[in-house]
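The values are calculated or read from the model by the stated rules, or taken from the named source; none is laboratory data. Quantities reported herein were computed from a predicted structural model and do not represent experimental measurements. We place every Cβ from the backbone using ideal geometry, glycine too, and count neighbours over all the protein chains shown. Ligands, DNA and RNA are stripped out before the accessible areas are found, and what is left, the full protein with its side chains, is counted by its heavy atoms. Shrake-Rupley method; radii C 1.70, N 1.55, O 1.52, S 1.80 Å.
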Amino acid sequence: MCHLSTPVPPANGVTPAPKPTAVGRRRLLMLAAVLPLAAWRLQQPTEAAPLHWQGLALGAPASLVLHHGGDLRNAQAALTATLAEVARLEAMFSLFRADSVISTLNRSGRVDNAPAEFVALLHTALDMAALSNGVFDPSIQPLWALYFDHFVVAGHTRPPAAEQVAQARALVDWRGVQLTGFDVSLARAGMGLSLNGVAQGFITDRCSEVLRSYGFIHTLVDMGEPRAVAAKPDGSAWQIGLADPRQPNQALHTLSVRDQAVATSGGYGTRLDVGGLYTHLINPRTGRTAPAFESVTVLAPTATQADALSTALALMPRGDVVARLALLRTQPGCRAICIDKTGQVSALS
């Protein structure tokens, strides 16, 4: 259930340099051109044209679309503040940084006086774990580290031995994550957390609030999960395309979105083997990874909510519609769109 678009380092604190993947985790094809910040500064055609920015957040592709009404100075200030917020939150949630809060927790088993945002997001992750009966589990890191080391580091083509999977599974249990005020601890040595199933949505929401504080109410913010803040200035909806799991660079379905967030979870985002049988989405209850050629997209009031819910729904058996609907009903204002391995699109609401 690790949810970065690039592999996460093992829980032992060894932090390799990020490696780009051919296809990032986020399977949302934003139907708007994006340019690097430097290119925007040089090529902005008119003062009324929106600002397009593209970069990275937690290793995943990120983008912004700001309709600034000609106030370029305010737009630059807002963008600077937004990127500062991304950097601040990455210092909490990044598994690539040895000095981040989560890496420190995984290494030592305890962090005292953790930042308020870290504690708040961990509460959200634990709530989703309880609601999903452990299908969503922020303590998945030992299993992900096993698969990452096995396939990516060691280069094996066959899956890990059942005994190895069982040993890693024994360290995965969200109920062993202990929160006392702002102090966080793990119940057993060897446990490790990953908030990647929800952190990118959280960062998107925080950046949306920063932009609102600068007066931007018509924006498309995507820090790994896109959030449409209000509509476009002309009142029309933002258009977000959902990728075909079989051909992730092509849109299979298009959503019209106003003042909502969208998140997609699918195993095809990071395939650990050539055939796509083993992916970055791991079911903590079975230790098996989700298939590559299926995806679940959630529309929700916030990107945090959409991110966590799409992950949980993607890991639930497709045939268990009752359980999926029961989980969806716990999240008011949310609906889901599923795409199966044949490309069939179906709604769940």
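Among the residues of region 153-163, is there at least one that is surrounded by 16 or more Cβ atoms within 10 Å (Cβ to Cβ) and outside any helix (DSSP H, G or I)? Spell out the reasoning first.
Step one: list which residues in region 153-163 are surrounded by 16 or more Cβ atoms within 10 Å (Cβ to Cβ), which gives 159-160.
Subsequent filtering for residues that are outside any helix (DSSP H, G or I) retains 159-160.
Within region 153-163, one or more residues are surrounded by 16 or more Cβ atoms within 10 Å (Cβ to Cβ) and outside any helix (DSSP H, G or I).
Please go through region 324-349 and pick out each residue that is hydroxyl-bearing (Ser, Thr, Tyr) and in a strand (DSSP E or B). Once the filter is applied, which keeps residues that are hydroxyl-bearing (Ser, Thr, Tyr) and in a strand (DSSP E or B), region 324-349 yields only Ser346. Residues that are open to solvent by 10 Å² or more (accessible area, probe 1.4 Å) and either touching an Asp or Glu at 6+ places or on another chain (Cβ under 8 Å) or in a helix (DSSP H, G or I) (or both) within region 192-230 comprise Phe202, Asp205, Arg206, Glu209, Val210, Arg212, Ser213, Arg227, Ala230, listed in sequence order.
Every condition in (1) touching a Leu at 6+ places or on another chain (Cβ under 7 Å); (2) open to solvent by 40 Å² or more (accessible area, probe 1.4 Å); (3) among the small types (Gly, Ala, Ser) is met by Ala347 except one, and the failing one is (1). Restricting the first member to region 334-349 and to residues that are at positive phi, and the second to residues that are open to solvent by less than 90 Å² (accessible area, probe 1.4 Å) and not aliphatic (A, V, I, L, M), the beta-carbon pairs closer than 8 Å and six or more apart or on different chains are Gly343/Asp244; Gly343/Pro245.
If you check Thr286, Thr304 for being of a type in the set (Ser, Thr, Tyr) and surrounded by fewer than 16 Cβ atoms within 10 Å (Cβ to Cβ), only one passes: Thr286. Note on region 76-105: residues that are hydrophobic (A, V, I, L, M, F, W, C), within 20 Å of Thr219 (Cα to Cα) and in contact with a strand residue (DSSP E or B) (Cβ under 8 Å, 6 or more places away or on another chain) total 4. Residues of region 176-187 that are without any contact (Cβ under 8 Å) to a residue 24 or more places away in the chain, open to solvent by 80 Å² or more (accessible area, probe 1.4 Å) and not hydroxyl-bearing (Ser, Thr, Tyr): Gln178 alone.
Filter region 299-323 down to residues that are assigned to a loop (DSSP other than H, G, I, E, B) and in contact with a helix residue (DSSP H, G or I) (Cβ under 7 Å, 6 or more places away or on another chain), then give me how many there are.
2
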